[in-house]
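All remarks here apply to the structure that follows.
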Number of protein chains: 4
Amino acid sequence: MSVNYKELLDQLYYETKDFAKYGKVANYIPALERISGDYFALSLITDKGVLYSSGDHSIPFSIQSISKVFSFTMVFRKIGTEIWDRIGREPSGTAFNSLIQLEHEKGIPRNPFINAGAIVVADMMLSVCNDPKSRLLSFIQSLAGDETIHYNPEVVASEKATGHRNYALAHFMKSFGNIHHTVEDVLDVYFHQCAIEMTTDQLARSFLFLANEGKNPINGEEILNPSRTKRLQALMLTSGLYDESGDFAFRVGMPAKSGVGGGIVGVIPRQLSLAVWSPALNERGNSIAGIEAMERFTTYTANSIF
Amino acid sequence: MSVNYKELLDQLYYETKDFAKYGKVANYIPALERISGDYFALSLITDKGVLYSSGDHSIPFSIQSISKVFSFTMVFRKIGTEIWDRIGREPSGTAFNSLIQLEHEKGIPRNPFINAGAIVVADMMLSVCNDPKSRLLSFIQSLAGDETIHYNPEVVASEKATGHRNYALAHFMKSFGNIHHTVEDVLDVYFHQCAIEMTTDQLARSFLFLANEGKNPINGEEILNPSRTKRLQALMLTSGLYDESGDFAFRVGMPAKSGVGGGIVGVIPRQLSLAVWSPALNERGNSIAGIEAMERFTTYTANSIF
Amino acid sequence: MSVNYKELLDQLYYETKDFAKYGKVANYIPALERISGDYFALSLITDKGVLYSSGDHSIPFSIQSISKVFSFTMVFRKIGTEIWDRIGREPSGTAFNSLIQLEHEKGIPRNPFINAGAIVVADMMLSVCNDPKSRLLSFIQSLAGDETIHYNPEVVASEKATGHRNYALAHFMKSFGNIHHTVEDVLDVYFHQCAIEMTTDQLARSFLFLANEGKNPINGEEILNPSRTKRLQALMLTSGLYDESGDFAFRVGMPAKSGVGGGIVGVIPRQLSLAVWSPALNERGNSIAGIEAMERFTTYTANSIF
Amino acid sequence: MSVNYKELLDQLYYETKDFAKYGKVANYIPALERISGDYFALSLITDKGVLYSSGDHSIPFSIQSISKVFSFTMVFRKIGTEIWDRIGREPSGTAFNSLIQLEHEKGIPRNPFINAGAIVVADMMLSVCNDPKSRLLSFIQSLAGDETIHYNPEVVASEKATGHRNYALAHFMKSFGNIHHTVEDVLDVYFHQCAIEMTTDQLARSFLFLANEGKNPINGEEILNPSRTKRLQALMLTSGLYDESGDFAFRVGMPAKSGVGGGIVGVIPRQLSLAVWSPALNERGNSIAGIEAMERFTTYTANSIF
């Protein structure tokens, strides 16, 4: 099929921008709360490396939970299947920061994309590399081909000051023996990764390896082998949008990951990567206009993984 | 890619048959308990209608929960989005017959493929057609192109005599107003659908409309439009194998539905449908050799939805 | 201490009657819904057998869950400690008709005074006597010294027609093997016991054996030995008012049992039995004016079990 | 009734000492783990102030959760009913350190005697007095009439190093706004109170105010008024032994509080206070020989609150 992606992104921009009014910008830290809900960006990159964008696609925003895909990928490369001794791979069925399942399941998070799972991944990063914060940043920069990507120190500080729920999760898992380093060290890594800022252009590019059978399209480096690439996308599909993952698969039909900064990035294997950003969230913490735009994208193009 | 499917199915037959020894045949009713754990069958049909099979592909077995895809499809055609007022579309995170989530969520089942969801679908069938049991059977016969498909009355009788958990689910949802007919009538439909017997050849053929953008490949009839076909497959991917759905997506990467009779049927959109049968189940109620065969299928062919 | 109980009951009648306006009469069956919220009765009987009353103490009302004390007593006499193989003796921490704990605890109800526990007791009654409905009624009549006490058949019929939650509980426990007779037979006993009608005078008298170290004060018959009498009162204190038991113990400090008909009966060992009736319930299903009257009773007399 | 308490305590000592072999000494911190399971002590003090003891009644041990009664009493005096805005008064139905209920109930602990509740009480102590650690110790010393009672700094250090679950509870409640001071300050108070060491003689004496309508029998000071004294005992009865409270009420029938150091202290209002100590615990964290001794005490004397 031949689609004029530039026209389509512009159309989606105008059609779905106003859905933001039904949502609410994240307000748990000042650095996020003051972001205007008017921003809206869409970026698409094909497996040939051609980039199309619409709206505020050059403005960096807090990627928050989208970073969980990067940190998981780093650890998956190093540790492989041993990950699954300490993290499950089932949808959680409960909110992203719930402690209930952890208690029933003895400190083993359901999957790597709920907060508890990502905190265990941060703990693993501390075990497999010396300076995980700079290593993670370099890794993302190399995927996006852009060395300007950075941490926002104000966001880090805010997360540390207010992240009581994440401290609770980390201490709770430590009580089950599933955190090996100190809670302070682990959350320092975790809060930094959440505070990375990127544009939708950068995000679309950095996820393109998933649509390229695991190879970085910029330099051909194998990030993950094809089998692991498949498996990571399956995790994204079943668990990438918190407890809205099933609904997102139903409406959109793309493996994707969202963050409370309002970003969502998805891929169609062997075809394309698509990033959207609109800061107003629905009650489950996902970008309300972002989901709408992505659903229309797969409906209008009759293209999805299904 | 060009794969010799007949050779591949035979190879998978020999490689994975013995995994059955790690599982256990369902024993909650005599009619299932007495099935030999030695049966093993694989059937694949391409979007061109070419059928390949290996093993016991002509022996009918109890399709059990696989029937939920057929009943849901019938109701989805008739009622469409109104379904979602009474059933969710998120993975459940708990066992297929759990009542816990129902209580927290006021009688709304998480998705149409857990027992509670399928019982609501059976209730909807009673509302949209006069004789749902015969209508469902005709529908399946037309999808499979085979009028010999039938209910097993002994299985129906056993389910009625021992299905206390299903009675509990139905009465519980009725207490929330989410069952409109009598519990007896609803479960009569539900127990019948679970007692349908089919071969893997018939199952593969009857799921082929999903790989054919919603059209029955035998007669070209549109069963579901392309958008709804996508959505149904998304539900199968996130919720088709009970609380092992995430793991199955991770290992196999196909939308699929399993049953405690030991059958699993999956599809790769626009390509093929694959049915397997081995009665020995893992502890989550899914065919242990069946999952192993399907994982090797997508790994060896480097073909999945991801 | 010397208290003029008649004056005190009259005072409590006037002081607390209007609390009923903050509550709501039970409306799940027509026979209860149509009861006027204006009724208010208090009856007290001392260990010497002297009866004091105020308000509508001669009007029979539906005793509902108060009957669980009578049925439990009957079974406790016959079976003794074997009861505890099938029922726990801990407060439930959840609502009276919750299924969640049952699922976590494999069909063993937390205590005999939540619905699930009382349904198991009804099942036990069917095992230990031929005609439990008439035996239970005779037992209550002998305790109260009044043969006019009866079942209300309209209430029985209503409970049967609308008691979906109780059917769900019974089927659920049967799926765990904790109901030995048919669900229909068990619930027939259970719905009958809930439909017994008594006045506060009769209720106060029928609970007096608890304040008399287990002996029926009318004829000296030992209903329970002193040790079991203590134990039954402990169960009432920790579990007699659904998930408001802790609060009731805190405010009132008497072992007691409530019902959704608006009755509450409590005892102070070796002293007295006190029954109140006001049909308007708080959100946990207990009589709002009834609790208020009982709290003032123990506060004004500085008399409680503590 | 006239009982020779000295003889009875000696008899209970010999009859129940060996029950310790069915239990296990707490092993979560070294300072507790190394305590011999052979210790056994019983102390009883009457409302006249006469003390009877048997066994190791002069050896101090870690009172752990028994301290929750002292801290709660201090705060109850100062704040009164405002406590109930931040803590419930229902039995929890779950283990003493569970986070599940906290999540369902938005950070409000079920009662002041589960860990979460006692941590909120510690937070309140920081609000109502300048130096809660020394104030609490003075308060206990004055109740027991013994200035040698002290904190064990080794136990404090161990609790801080290993108390991940308590850190999780405190951070979790802080995320709901129910902890007002820093987690470190609050847990410093909490870990200190758990590390107080007392003998059974001291414990029996320090609880005697509860059996004396709230007045310190040593100097006549009103610790709590009679109404609050009743209410505190009701809390102890419904929630004093973790999720074994119902069972303890059933078997023993005294308001009491236990600790994982193996101590239990109970009272019979207007009569006596009884403290026991045996370090071996049952699976719910209560002294196994201690409960047995207390059950026999109330059975042999036919004396309880019921």
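Read-outs: derived from the displayed coordinates by stated rules, not from any lab. Model, not experiment: these values are computed from the prediction. Note that each Cβ is placed from the backbone with ideal geometry, even for glycine, and that neighbours are counted across all protein chains shown.
Could you give me the ³J(HN,Hα) list for the stretch D:244-253, computed from phi with Karplus coefficients 6.51, -1.76, 1.60 and θ = phi - 60°, whole Hz, x at Gly and Pro?
So the J values, rounded to whole Hz, are 10, 4, x, 5, 5, 4, 5, 7, 9, x.
Does the stretch A:126-250 come out rounded, prolate or oblate by the C-alpha gyration tensor, with a ≥ b ≥ c the root eigenvalues, rounded set by a/c under 1.5 and, if not, prolate when a/b is larger than b/c and oblate if not?
It is prolate, given that a/c is not under 1.5 and a/b is the larger ratio.
Given charges of +1 on the Cβ of Lys and Arg and -1 on the Cβ of Asp and Glu, with all other atoms neutral, how large is the dipole of the stretch D:5-300 about its Cα centre, in debye to the nearest 20?
The dipole magnitude comes to about 560 debye.
What does the net charge come to around B:GLY107 if you take all other residues with beta carbon closer than 15 Å to its beta carbon, with K and R at +1 and D and E at -1?
Every neighbour counted, the sum reads +1.
Take chain A, connect every pair of alpha-carbon atoms lying under 10 Å apart with a spring to form a Gaussian network, then pick out the residue of A:PRO226, A:PRO132, A:PRO91 with the largest mean-square fluctuation.
Between A:PRO226, A:PRO132, A:PRO91, it is A:PRO226 that shows the largest mean-square fluctuation.
Who wins for biggest fluctuation among D:ARG296, D:ARG110, D:ARG34 in a Gaussian network model of chain D, springs between alpha carbons below 10 Å?
It is D:ARG34.
Over chain B, what is the relative contact order in percent, taking alpha-carbon pairs closer than 8 angstrom and at least six residues apart?
28
Structure shown: which of D:LYS17/D:LYS230; D:LYS78/D:LYS215; B:LYS78/B:LYS230 lie over 25 Å apart, alpha-carbon to alpha-carbon?
D:LYS17/D:LYS230
What whole number of Å gives the distance from the Cα centroid of the stretch C:10-25 to the Cα centroid of the stretch B:157-235?
Their Cα centres are 54 Å away from one another.
Quick one: dipole size for the protein assembly as shown, taken about the Cα centre, charges +1 on Lys/Arg Cβ and -1 on Asp/Glu Cβ, in debye to the nearest 20.
I would put it at about 0 debye.
Could you tell me whether the stretch B:182-274 comes out rounded, prolate or oblate from its Cα gyration tensor? Rule is a ≥ b ≥ c as square roots of the eigenvalues, rounded for a/c under 1.5, then prolate if a/b exceeds b/c, otherwise oblate.
Oblate shape, in that a/c is at least 1.5 and b/c is the bigger or equal ratio.
Ordered by residue, what ³J(HN,Hα) values in Hz, to whole numbers, does the stretch D:99-108 give under the Karplus form 6.51 cos²θ - 1.76 cosθ + 1.60, where θ = phi - 60° and Gly and Pro are x?
For the stretch D:99-108, the Karplus curve yields 9, 4, 4, 4, 5, 5, 10, 6, x, 9 Hz.
Taking each residue in A:155-166, count the Cβ atoms of any other chain within 10 Å of its Cβ, then average. What number comes out?
Counting other chains' Cβ atoms within 10 Å and averaging over A:155-166 gives 2.
Under the convention of a label 7 Å out along Cα→Cβ, give the distances in nm from B:SER36 to the same position in every other copy, shortest first.
Result, one decimal in nm: 6.7, 7.4, 7.7.
Helix C:288-301 versus the longest principal axis of chain C: what is the Cα-based angle in degrees, 0 to 90, to the nearest 10?
50
Can you list residues from other chains, or at least 5 along the same chain, whose modelled amide H is less than 5 Å from the amide H of C:VAL25?
C:LEU281
Inter-copy label distances at D:GLN11, 7 Å along the Cα→beta-carbon direction, one decimal in nm, shortest first?
Relative to the other copies, D:GLN11 has label-point distances of 4.4, 8.2, 9.3 nm.
Just to confirm the number: angle between the C-alpha axis of helix A:67-79 and the first principal axis of chain A, 0 to 90 degrees, nearest 10?
60
Taking θ = phi - 60°, what integer Hz values does the Karplus form 6.51 cos²θ - 1.76 cosθ + 1.60 yield along the stretch C:143-157, in sequence order, with x for Gly and Pro?
5, 8, x, 7, 7, 7, 5, 8, 7, 9, x, 5, 5, 4, 4
How many nanometers, to one decimal and shortest first, lie between the label point of D:LYS48 and those of its other copies, if labels sit 7 Å from Cα toward Cβ?
In nanometres, ordered from closest: 2.9, 10.4, 10.5.
With each label point set 7 Å from Cα along the Cα-Cβ vector, what nm distance links C:ARG34 and C:LYS21?
The two pseudo-label positions are separated by 2.7 nm.
Among the listed pairs C:LYS6/C:LYS68; A:LYS257/D:LYS174; B:LYS6/B:LYS48, which have their C-alpha atoms separated by more than 22 angstrom in this model?
Going by Cα-Cα distance, C:LYS6/C:LYS68; A:LYS257/D:LYS174 fall outside the 22 Å limit.
Mind listing the long-range amide H neighbours of D:ALA256? Cut-off is under 5 Å, sequence gap 5 or more, other chains count too, H placed in the peptide plane at 1.01 Å from N.
Answer set, sorted by chain and number: D:LEU237, D:GLY240.
Order the peptides D:139-145, B:244-250, A:233-239 from the highest to the lowest mean number of other Cβ atoms within 10 Å of their residues.
Ranking the peptides D:139-145, B:244-250, A:233-239 by packing returns A:233-239, B:244-250, D:139-145.
Need one value for B:169-180: mean number of C-beta atoms belonging to other chains within 10 Å of its residues' C-beta atoms.
The per-residue average across the peptide is 4.
On a 0 to 90 degree scale, rounded to 10, what angle separates helix A:5-16 from the longest Cα axis of chain A?
70
Once you sort the root eigenvalues of the Cα gyration tensor of the stretch B:1-77 as a ≥ b ≥ c, which label holds: rounded (a/c under 1.5), prolate (a/b larger than b/c) or oblate (the other case)?
It is oblate, given that a/c is not under 1.5 and a/b is not larger than b/c.
Specify, for chain B, the residue whose C-beta is closest to the rotation axis mapping it onto chain D, with the distance given in whole Å.
Nearest to the symmetry axis by Cβ: B:HIS104, 4.
Rank these for me by crowding, B:PHE172, C:PHE176, A:PHE113, going from fewest to most other beta carbons within 10 Å.
Lowest count first: C:PHE176, B:PHE172, A:PHE113.
What is the mean number of Cβ atoms from other protein chains located within 10 Å of the Cβ atom of each residue in peptide C:227-237, rounded to a whole number?
Mean partner-chain Cβ count within 10 Å for C:227-237: 6.
Quick query: amide H of C:ILE196 versus all other amide H atoms, modeled in the peptide plane; which residues come in under 5 Å with a sequence gap of 5 or more or a different chain?
Counting only residues 5 or more places away or on other chains, the set is C:ILE63, C:GLN64, C:ASN152.
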